[in-house]
Amino acid sequence: MIILGTDPGFAYFGYALLEVGPESERVIAAGVIETKKSSKKTNTLAADDDTARTLEVAAVLSSLIETYRPILICSEAMSWPRNSSAARKVALAWGALIALAGDRQIPINQVSPQNLKQAVVGSPTAAKSEVEAAMLSRWPEIGGYLDKVKLAESKRNHAYDAAGAAYACLSSDLVRTLRNIQRQVKEI
């Protein structure tokens, strides 16, 4: 089964796809969807630019979902940015994710930033660098995917957070049940 881990953001939307078996899992793709403000400042309304960027996120997510066919999306829950403009933009990214998941009837499991850090590192106050180190230790192949797309070090934490969200969801009732079904089918 395939699980899509996400770290929804507007400028940087992290993702990691895990192939999950009865006893193990591995990263099969990872990256960051990066959207940029329009360079046409004079004739572009901010709302139009935000719409275009949201559609860009939706298009890449749709392609990932169509290609890999995840049965579950595990996502870092929305934390509340410092201002209403940032919150609105993150909500647009979340809206794209929710619409695609709803359209394809894929459940979304959310994990708070603190619970993600607790699951991955063992501390709810872990630093981004600790999450990165834990994800690279567990799934070294994630670094290869990020190297392949030449993702800057400063942006990689979004993919690591997405992998962390997927990791945190591995202990959910749903994933445990699906793994038990996989074991039973394998025994038949």
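Quick rundown of the values:
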read-out	value
Number of the exception - I73 against (1) surrounded by fewer than 16 Cβ atoms within 10 Å (Cβ to Cβ); (2) modelled with pLDDT of 95 or more	(1)
Of residues in the stretch 1-21 being in contact with a Lys or Arg (Cβ under 8 Å, 6 or more places away or on another chain) and at pLDDT below 90, the one nearest to L178 (Cα to Cα)	F10
Unique match (being in contact with a helix residue (DSSP H, G or I) (Cβ under 8 Å, 6 or more places away or on another chain), at negative phi and of a type in the set (D, E, K, R)) among K117, K148, K155	K117
Whichever residue in the stretch 1-39 is of a type outside the set (A, V, I, L, M) and over 30 Å from N83 (Cβ atoms) and, among such residues, is surrounded by the most Cβ atoms within 10 Å (Cβ to Cβ)	E25
Candidates A87, A59, A99, filtered to the one that is in contact with a Phe, Trp or Tyr (Cβ under 9 Å, 6 or more places away or on another chain), on the phi < 0 side of the Ramachandran plot and outside any loop (DSSP other than H, G, I, E, B)	A87
Index of the failed condition, V131 passing every other in (1) outside any helix (DSSP H, G or I); (2) touching a Lys or Arg at 6+ places or on another chain (Cβ under 7 Å); (3) surrounded by 15 or more Cβ atoms within 10 Å (Cβ to Cβ)	(1)
Number of positions in the stretch 73-104 that are closer than 19 Å to G164 by Cβ and either among the basic types (K, R) or touching a residue at least 40 places away in the same chain (Cβ under 8 Å) (or both)	9
Some residue of the stretch 147-154 being among the acidic types (D, E) and touching a strand residue (DSSP E or B) at 6+ places or on another chain (Cβ under 7 Å)	no
Odd one out for A119, checked against (1) more than 24 Å from A59 (Cα to Cα); (2) within 17 Å of the chain's Cα centre (by Cα); (3) exposed (fewer than 13 other Cβ atoms within 10 Å of the Cβ)	(3)
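The values are calculated or read from the model by the stated rules, or taken from the named source; none is laboratory data. Just so you know, these numbers come straight off a predicted model, no measurement behind them. Heads up, the Cβs are rebuilt from the backbone with ideal geometry, glycines too, and the neighbour counts pull from every protein chain shown.
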